Each structure stands twice: as C-alpha cells, then as structure tokens.
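Engineer: Following this message is one structure expressed as structure tokens.
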Amino acid sequence: MERVAADHPSSGRVPCRSPHDSTRSPPVPMNPHFAPRRRSILTAALAAPPLAMLASAPARADGSSPRTAFTPGQPWLDTNGQVIQAHGGQVVIAEDDLGTTYYWYGEDRSNGYGSSPGVHVYSSRNLYDWTDEGLALRALTAPEQLEEDPYFVNLYSEYTDEQKAAVIRDLVTTPAPDSSVPAAILERPKVLHNAAQGTWVMWVHADGPSETSNAQYAKANAGVAVSDSPTGPFRWIDSYRLHHAPEGEPNWQPDNPGMARDMNLFLDDDGTAYIIYSSEENYSLFISLLDPSFTALATPPESAVKGVDFIRPYIGAHREAPALFKRAGTYFLITSGATGWDPNPAQYATATEILGEWTDHGNPVSGDGAATTHGSQSTCVIPVDPDRGTYVYMGDRWTPSDLANAPYVWLPLRFGEGTSMSLIWEDSWRWEDQPAQPAYTVEVDLPAAVGLGEGQKLPRNGTLRLADGTVSKRKISWEGALDRPGMVPILGTLAGPEALTVRREVLVVPQHMVYLVNAGGVETSDYLALRKHAQGPDPKNSVADQPYGADPSTGAVWGHVGRSLPAGSDTDSLDRSLRYATNHDDLVYRFANLPQGTYTVHVGYYDPWPWANRAAQVSVNGELVEEQRLFTGTAEAAAYTGIASGTAGEIVLTLHPTRSPDIQVSWIVVVKD
C-alpha cells in the first residue's frame, strides 16, 4: 500500500489528531441491501436515464418548491423546512411496491457536539427531497429514563440488569449535572437490511469513558442495535471491541487491541456483511466479516485469521472515514486522512477480493479541490444505478463552531478505464443526468520514452474491451503536459459516442540533461528510467542527491546547502519524495562545472501535507524567477528558462520561505539549451 511515511517535522506540519481530541474525524459509507439489476454493458451505456425510478416529490410543509438537484455545500432542508440532521451518515436503498425508497441515517447534531438526541433517519423517493422520519435510535439524557420513560420501558422491559447497564453506558449522551466526566458519544451510524432474518441492523462508533479512563474517546467500541423497521425504533444490543493486528505485523496499539472508531458497513452480492473501521488510534484500517445476524463478528478476535475473517487495507497509514462500494466486480474504498475537523486529501484503493490484497491509487481529486477533497470528508457512496455506473459520493463539511448547520457535499463519481476513478466538483447537478459509465479496459502500446513536447510519438489507436466481452479498435486522441521531465500523466479519449477515456503515464526525457537530482535521495524507478533513456552524455551526478561537494564518481561539484532533511523515501516516486529545509532556512542547491551557455532548470514541487499552506520565493543565480510558488497535494513542475551559467560556470537554485512553514523540493533537472 503506497503512502508517504515520513512526517515533516516543520513548523507548518499539522499533526494528525487522535480521536481522543475533541476534534473528531468524519464519516463512512456502505452498500445497498438488494441485488443490483443486471443489463448488458452496451445496453447500460446507451440507455436513457432511468426516469421510471423517480417518484413525485412529497409536498413541503413550508410551501417551498421541491428540490430538483444537488447543491453541494449549500443548506439542505427537509420537507418540513428544517435543517437535515444526518451527519457522518449513509443512505440505504430499499424496494417496495411503489418503487425505490432511500433511507438516510446520520448523527443528529442539533445540540452541537455533545448531548446527541440519537441517530436521525429520513426517507426519500428521489434523493433530493427528504421526509423526517424521526429518531431511529434514541439516546438517553439520564439513566432514569430507562425505567420511567414509556418509550424506553417498552423497548427494554425484558432486558436484564446487565443488559440495561450496557444501554446506559452507551446511550446516555448528556453529561450528568455537576459532573466532569464526559457522556457517551454516538458517531458514524450505518445500517444494513438483513433480508434473511427480516431485521435492520445499525452499527455505531460508540465512544466515551471506559472502565479505566474518563477520557472522551477512551472506550473506542463498535455498538450495534436492531429493529424490525428501517425507521426504528432500534433497540440497543451492546458495544464491543473488534479484531486486532495479527502477531508479527505492525501494531500501533498492542496494549489496547480491537479499537473501533470511524466505521462503515458493506453488504456484498451474496448477502455477506462486513464492517469497515479505523483502529489502533486511527493508524490502521480494518475490514471484518460479520456473522449471519449482522450483529457480531463472524469469528471472535482471539481466533480470527487474517485474509479469512478480516483484512487491513491500510497499516500505519492514519486513514479514517471509510466508504466502501462495489462496481463491476471491483471493490472501491475511499478514505480520508486524520486531521480532526479539517478536510484533507482523500485516497482510494481497490481490490478484486474484499479480504484480499488492496491497491492504493492515491487522491481521486485533482486540481483546486485536491488538498481538501472539495472541502469534505467521505461518509458513504450511494450505488444509485450500478448498471449505468451512477454512484454518488456523500461527504460532510464539518463546521465545529456550528455543527447543527454543517453542510453536506454530495458529488458524482467518474470512472475511467479499469480502476480509474475521480471525484469532480459540480455547483449543481442531477444524478439522472449523469453519463453512462460502462466498465472497460483499453490495450495501447506506449513508447518507452518521449522527448519534451513529443506528443506525436504517442499511439493513435488502441483496443477497447468492454466488460461484456465486446472488442473493438478505436482511434485515440491524447492530452497531456509533456513539458516536464519524469512520469507525466496523459489522458486519451477514444473515438465513438461513449467518449470513453484512458489514463496512462509516459516517461518524458529532455535532451542534454546535465544534472538529474532526486531531492529525496533515493533511486526511484522513474529516476532510474530517466537516467537509462537519457540522450547524449550521462548527467554529471552519479548519485540521486548529496550535500554540496565533489561527486563520488564524476568529481563534478554539486549538491544541497544548509540544514535540510529527506522525506518520502518509501514512495518510489520522483514527484513524491522530497527534501525539506529545517529551522525556516532557505533551501539551496548549487551546480558547478557547467560550460558557459544558457540552461533550463526544471523543478518538481509536491506537498504530502498540503494543509500546511507552504509558499516560497524562487531565485536562480540571485534573480527572482517566481514570486510565489505554492505547494499543493498535486505534483507540479516549473521550468525556469534562459539561465546563464556565467563565467563562474555555476547555477544556484534558492527557495526562500514566504510563510511560516518550511519549504521543500522534489527534484531538479538542469538541461543545456
């Protein structure tokens, strides 16, 4: 699983917050409880949007017009004109005689952070207009309610004293008067319909004080409740610890096993249910198999076997807010980083077996929204119409100063070839109007390398294979910025009415490279490929990076100057490994032994901690070439042209921090013009 392991110890690094902080982290998604309708890929790709699934919008009590589109980040009111209280939640799809009903479950934050009323549920026929169905799971304001309130008396009258104690421990969310001990916390509610047993099962991140600690997030349990109806009342069963790391694998909480915080549920096509959850203080993420009742693990922690009963898709990666769904036989898992209430870059991974090997694909967002996942944190993905490839991303935009009005961010997911997926921004959009997205692969033969700007060397044809077995030859038109060294992403569009795309990377190698530096100090595969395909004399440097001085093999004088450290050495990526200055120093590289003439200095910039908001002023040989270089979660490059080596035969690149965080650089390529 790919990740940047090293933490940047700069003053600009925002530390990952533990769930023990009052700044909790976000939500998680789940899947439907019914088998998806099956059509051929070609039929699904060309069919009109499924308007028959739409029902007329319910009348709105406030007299306003029904909603006809999603408006991410804007206030969302129910049919009574009240703000929807379903944070950190999920949508479950149900079918009845009238068609499709959607149930939206989530945290009721009407009281802010604490004193939660419980888990709210809303229903809809069209995903836009939501009818308030009340509290599916009611919390307690005081233990006495269990014996005095008719609602709770009726629900728990047959419970033993031990069972009632568990209810009080987990559902009293209002602090006791004059007590400094925090109350229980209910977060990330998720629900599955167990059709075989005729029940609806809810799992919740149940936290609060434990038997050994009064800390707000000491318990770290997974709580479960059950109902005969999707709208409740849900009856609390208990809360538990879950699976833990197997012996011999890294374990960030060996003395506190089985922790469960941000969570989600998933129901597979064969009726098997799974729970997905952050554990080990959010350092690792688990997927565990549930038993046939969906109310407990299939195998107890002490006898569970990795790969059979559970898997850890992310180990030591600090991921949370999981959202798992399945598309065309492939499992997709969206997660966020752990930065408290603050949004951060998402990552997604895929697998062909849910308890098998998972492959990380990085951030599904590119451009302006990449650093913050469009200002949201994942909580669920709704498989609205799997046959057409229509999946809706559900996210929360947390506003800790006003949680009751924290907005929701629902966006369309875009799928390309194979496991390619992207999350795009739309100010206003309708799920019915989304393009069909068939599952497909493309066979195309790319050259081993191209020169700067040599787009004409990219292949003009490829072979399209649809999931239903259809094969055809298609012309391809390519887009891509082939103006920088290294592995460059390119986008190909296939000829035809579907406008299908293919994403690849191509190695771009400038002619006359004089120096080729990986500032992270490691010989990554793309660094070695650049050296292999270099045209002309070999670069003057024989190693990836070094302090300023004579090269150990060539004798050329070059390297970094001042106080700095490497990071990202385990990424095998020229773009994502880096060197960062410390103590707010300038970051300086000097390159000597250069013949007189002009040069282009290519520089790579990337920030695995984009929330730090870094910026630098860039100079070459004392001349300002860039007033404000911003560092983002997307790998970027700059080319500083017409640089004269002068009589000294030297080029000096200087990055000066213009904000409080320290600055960094990924790679440098000096090219003779």
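What follows draws every value from the coordinates through simple rules; no lab data is involved. Only a predicted model underlies this, so the values are computations on that prediction, with no experimental measurement involved. Don't worry about glycine lacking a Cβ; one is built from the backbone with ideal geometry, like all the others, and counts go over all protein chains shown.
Engineer: In whole Å, what three semi-axes, largest first, describe the equivalent ellipsoid of the chain built from its Cα gyration tensor (square root of 5 times each eigenvalue)? Before the final figure, lay out the partial values.
Structural biologist: Values: eigenvalues 474, 179, 95 Å².
Each semi-axis is the square root of five times an eigenvalue, giving 49, 30, 22 Å.
Engineer: Follow-up. What FRET efficiency do you get for His533 and Ser210 if R0 is 60 Å and r is their Cβ-Cβ distance, rounded to the nearest 0.05?
Structural biologist: Working: r = 58 Å, r/R0 = 0.97.
The formula returns an efficiency of 0.55 here.
Engineer: Next question, about the same structure. Just check segment 407-488 against the gyration tensor rule for me: Cα atoms, a ≥ b ≥ c as the square roots of the eigenvalues, rounded for a/c under 1.5, and otherwise prolate or oblate depending on whether a/b exceeds b/c.
Structural biologist: Details: a/c = 2.89, a/b = 1.42, b/c = 2.04.
Judged from the Cα gyration tensor, segment 407-488 comes out oblate (a/c at least 1.5, b/c at or above a/b).
Engineer: Compute the angle between helix 161-171 and the longest alpha-carbon principal axis of the chain, please, reported from 0 to 90 degrees and rounded to the nearest 10.
Structural biologist: Taking the Cα atoms of the chain, the angle to 161-171 is about 50 degrees.
Engineer: By the scheme Lys and Arg +1, Asp and Glu -1, what is the net charge of all other residues having a beta-carbon under 15 Å from that of Ile643? Show your work: numbers first, answer last.
Structural biologist: Values: positive: Arg590, Lys672; negative: Glu623, Glu626, Glu650, Asp673.
Computed value for this residue: -2.
Engineer: A further question on this structure: Could you tell me, in Å, what Rg and Dmax come out for the Cα atoms of segment 416-461?
Structural biologist: 16.2, 43
Engineer: Would you tally the net charge around Asn621, using a Cβ to Cβ cut-off of less than 12 Å, leaving Asn621 out, and scoring K and R as +1, D and E as -1? Provide the component values of the computation, followed by the final result.
Structural biologist: On the way: positive: Arg590; negative: Glu623, Glu650.
Overall, the nearby charge balance is -1.
Engineer: At q = 0.13 Å⁻¹, what is the log10 ratio I(q)/I(0) for segment 440-508, with the Debye formula run over Cα points and no solvent?
Structural biologist: For segment 440-508, the Cα-only Debye profile gives -0.36.
Engineer: Between Thr299 and Leu491, what is the spin-label point distance in nm, taking each point 7 Å from the Cα along the Cα→C-beta axis?
Structural biologist: For Thr299 paired with Leu491, the spin-label model returns 4.4 nm.
Engineer: Consider all pairwise Cα distances in segment 513-672 and report the whole-number % of them above 24 Å.
Structural biologist: Roughly 27 percent, rounded to a whole number.
Engineer: Highest first, please rank the peptides 240-251, 648-659 by the mean number of other Cβ atoms sitting within 10 Å of their residues. Please list the in-between numbers first.
Structural biologist: Values: 240-251: 16.5, 648-659: 18.2.
Highest to lowest by the protection proxy: 648-659, 240-251.
Engineer: Moving on to the next point. Sorting check: for 634-642, 257-265, which peptide has the highest mean count of neighbouring beta carbons within 10 Å, and how do the rest follow? Write out the running numbers ahead of the final one.
Structural biologist: Working: 634-642: 16.6, 257-265: 26.1.
The most tightly packed comes first, giving 257-265, 634-642.
Engineer: Roughly how many nanometres apart are two label points built 7 Å out from the Cα toward the Cβ at Ser179 and Gln82?
Structural biologist: A separation of 2.7 nm, rounded to one decimal place.
Engineer: May I pose another question? Evaluated at 10 °C with a viscosity of 1.306 mPa s, what Stokes-Einstein diffusion coefficient in µm²/s does segment 327-373 have when Rh comes from the Kirkwood expression over alpha-carbon pairs? It would help to have the intermediate numbers written out before the result.
Structural biologist: Working: Rh = 11.6 Å.
Stokes-Einstein gives a translational diffusion coefficient of 137 µm²/s.
Engineer: Working out 0.36 nm times the residue gap between Asp342 and Ser366, then minus their Cα-Cα distance, what length gain in nm do you get to one decimal? Don't skip to the answer; put the middle values down first.
Structural biologist: Numbers: separation 24, 0.36 × 24 = 8.64 nm, distance 1.84 nm.
Length difference between fully extended and current span is 6.8 nm.
Engineer: Further question: Counting only other residues whose beta carbon sits under 13 Å from that of Ser157, what net charge do I get with K and R as +1, D and E as -1? Provide the component values of the computation, followed by the final result.
Structural biologist: Details: positive: Lys164, Arg235; negative: Glu147, Glu148, Asp149, Glu158, Asp161.
Its environment carries a net charge of -3.
Engineer: Also: For segment 133-191, what is the largest minus smallest coordinate of the Cα atoms on each principal axis, given in angstrom and ordered from greatest to least?
Structural biologist: 32, 27, 20
Engineer: I've got another one for you. Kindly write out, for segment 299-310 in residue order, the coupling ³J(HN,Hα) from the Karplus curve 6.51 cos²θ - 1.76 cosθ + 1.60 (θ = phi - 60°), rounded to whole Hz, with x marking Gly and Pro.
Structural biologist: Per residue, the Karplus-derived 3J(HN,Hα) values read 9, x, x, 5, 10, 6, 10, 5, x, 10, 9, 7 Hz.
Engineer: How far, in nm, would the chain grow between Ala94 and Asp270 when pulled straight, counting 0.36 nm per residue and subtracting the alpha carbon separation?
Structural biologist: Working: separation 176, 0.36 × 176 = 63.36 nm, distance 1.68 nm.
So the chain would gain 61.7 nm between Ala94 and Asp270.
Engineer: Using 7 Å Cα-to-Cβ label points, what is the Ser472/Lys457 separation (nm, one decimal)?
Structural biologist: About 3.2 nm separates the two model spin labels.
Engineer: Still on this structure, please answer the following. Sorting check: for 76-87, 457-468, which peptide has the highest mean count of neighbouring beta carbons within 10 Å, and how do the rest follow? Walk me through the intermediate numbers first.
Structural biologist: Details: 76-87: 18.8, 457-468: 15.9.
By packing density, highest mean first, the sequence is 76-87, 457-468.
Engineer: For Ala644 and Thr359, calculate 0.36 nm times their separation in residues minus their Cα-Cα distance, and state this gained length in nm to one decimal. Intermediate results must be reported in sequence, preceding the final value.
Structural biologist: On the way: separation 285, 0.36 × 285 = 102.60 nm, distance 4.50 nm.
Gain in length upon complete extension: 98.1 nm.
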